[in-house]
1. Please pick out the residue among Leu39, Leu13, Leu67, Leu20 that is open to solvent by 20 Å² or more (accessible area, probe 1.4 Å), in contact with a helix residue (DSSP H, G or I) (Cβ under 8 Å, 6 or more places away or on another chain) and closer than 23 Å to Val105 by Cβ.
2. What's the number of the only condition in (1) more than 23 Å from Leu181 (Cα to Cα); (2) open to solvent by less than 30 Å² (accessible area, probe 1.4 Å); (3) among the small types (Gly, Ala, Ser) that Ser124 fails to meet?
3. What's the total number of residues in segment 161-171 that are surrounded by fewer than 18 Cβ atoms within 10 Å (Cβ to Cβ), in contact (Cβ under 8 Å) with a residue 60 or more places away in the chain and hydroxyl-bearing (Ser, Thr, Tyr)?
4. Name the pairs: first residue in segment 29-44 and over 23 Å from Gly68 (Cβ atoms) and in contact (Cβ under 8 Å) with a residue 40 or more places away in the chain, second residue open to solvent by less than 30 Å² (accessible area, probe 1.4 Å) and aromatic (Phe, Trp, Tyr), Cβ to Cβ under 7 Å, at least 6 apart or on different chains?
5. Test of understanding: among Ile150, Ile174, which residue is open to solvent by less than 70 Å² (accessible area, probe 1.4 Å) and of a type in the set (Val, Ile, Thr)?
6. Filter segment 108-118 down to residues that are β-branched (Val, Ile, Thr) and open to solvent by less than 40 Å² (accessible area, probe 1.4 Å) and give me whichever is nearest to Ala65 (Cα to Cα).
Amino acid sequence: MSQWIHHIEQWLLEFGVIGLVIVSFTESSFFPIPPDVLLIPLSIAQPEKALWFSFLTTVASVFGALLGWYIGKKFGRPILRYFISDEKMDKVEQYFQQYGAMAIVIAGFTPIPYKVFTIFSGISNVNIRTLLFWSFIGRGARFFAEGLIIFMLGAQAKTFIEQHFTTITIVGGIVIIIAFLIYKRFK
């Protein structure tokens, strides 16, 4: 499977920015390959455009979240009934209504599969503005962090990102959770 995915990644790289935009859009709703695998090599090849590529990735990813939301809204509940009881689905929906914004930001920023959260936002009837706003925050933070690292470090960024970026996103996710809990506590 990983060999097949690698071939798809290489093929998409041939399309350059168009491949990046397509992957960024589709990954937010159903595609298994994250946009980082195209964003990073394209940005390293042209570090002066890294922030532009980050912007395009963010915008395409957020618009792809709308497709994920629509998939969840139209098809999510009927499909999930085959795997999850209505009782459990209602419980997940309740949690998503309560913590959906935080979940969207965390999923957008960390290595958690973002598409799961965009689809659940549709199932849970999350307001589209909420989805868009928090997706821009989470996805923008992730992709602009990668772009900024590449812009500053150039080709050396690849090693830095491979060694440290997952840790950075997990720590960032934890900080988001703590900030959210503090906000809830004092609200």
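1. Leu67
2. Going through (1) more than 23 Å from Leu181 (Cα to Cα); (2) open to solvent by less than 30 Å² (accessible area, probe 1.4 Å); (3) among the small types (Gly, Ala, Ser) one by one, Ser124 breaks only (1).
3. Keep residues of segment 161-171 that are surrounded by fewer than 18 Cβ atoms within 10 Å (Cβ to Cβ), which gives 162-164, 166-168, 170-171.
With in contact (Cβ under 8 Å) with a residue 60 or more places away in the chain added as a condition, the list becomes 170.
Imposing the further condition that a residue be hydroxyl-bearing (Ser, Thr, Tyr) reduces the set to none.
The number of residues fulfilling the criteria is 0.
4. Final answer for the pair search is Ser43/Phe53.
5. Going through Ile150, Ile174 in turn, the sole match is Ile150.
6. First pass over segment 108-118, keeping only residues β-branched (Val, Ile, Thr): 110, 112, 116, 118.
Subset that is open to solvent by less than 40 Å² (accessible area, probe 1.4 Å): 110, 118.
Working: Thr110: 15, Thr118: 5 Å.
Only one residue fits best here, namely Thr118.
So that you can scan it fast, the table gives a plain yes or no per residue for (1) surrounded by fewer than 19 Cβ atoms within 10 Å (Cβ to Cβ); (2) at pLDDT 95 or above:
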{"position": "Ser54", "(1), (2)": "no, yes"}
{"position": "Gly72", "(1), (2)": "no, no"}
{"position": "Arg77", "(1), (2)": "yes, no"}
{"position": "Arg81", "(1), (2)": "yes, no"}
{"position": "Glu87", "(1), (2)": "yes, no"}
{"position": "Gln94", "(1), (2)": "yes, no"}
{"position": "Gly100", "(1), (2)": "no, no"}
{"position": "Ile106", "(1), (2)": "no, no"}
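One line per residue, one yes/no per condition, for (1) β-branched (Val, Ile, Thr); (2) farther than 15 Å from Gly76 by Cβ; (3) without any contact (Cβ under 8 Å) to a residue 24 or more places away in the chain; (4) assigned to a loop (DSSP other than H, G, I, E, B):
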{"position": "Gln97", "(1), (2), (3), (4)": "no, no, no, no"}
{"position": "Val105", "(1), (2), (3), (4)": "yes, yes, no, no"}
{"position": "Gly122", "(1), (2), (3), (4)": "no, no, no, no"}
{"position": "Ile137", "(1), (2), (3), (4)": "yes, yes, no, no"}
{"position": "Gly140", "(1), (2), (3), (4)": "no, yes, no, no"}
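The values are calculated or read from the model by the stated rules, or taken from the named source; none is laboratory data. Predicted, not measured: the structure shown is a model, and the values here were computed from it. Methodologically, a virtual Cβ is constructed for each residue, glycine included, from the backbone with ideal geometry; neighbour enumeration extends over all protein chains shown. Heads up: the accessible areas ignore ligands, DNA and RNA and are worked out on the full protein's heavy atoms, side chains in. Shrake-Rupley method; radii C 1.70, N 1.55, O 1.52, S 1.80 Å.
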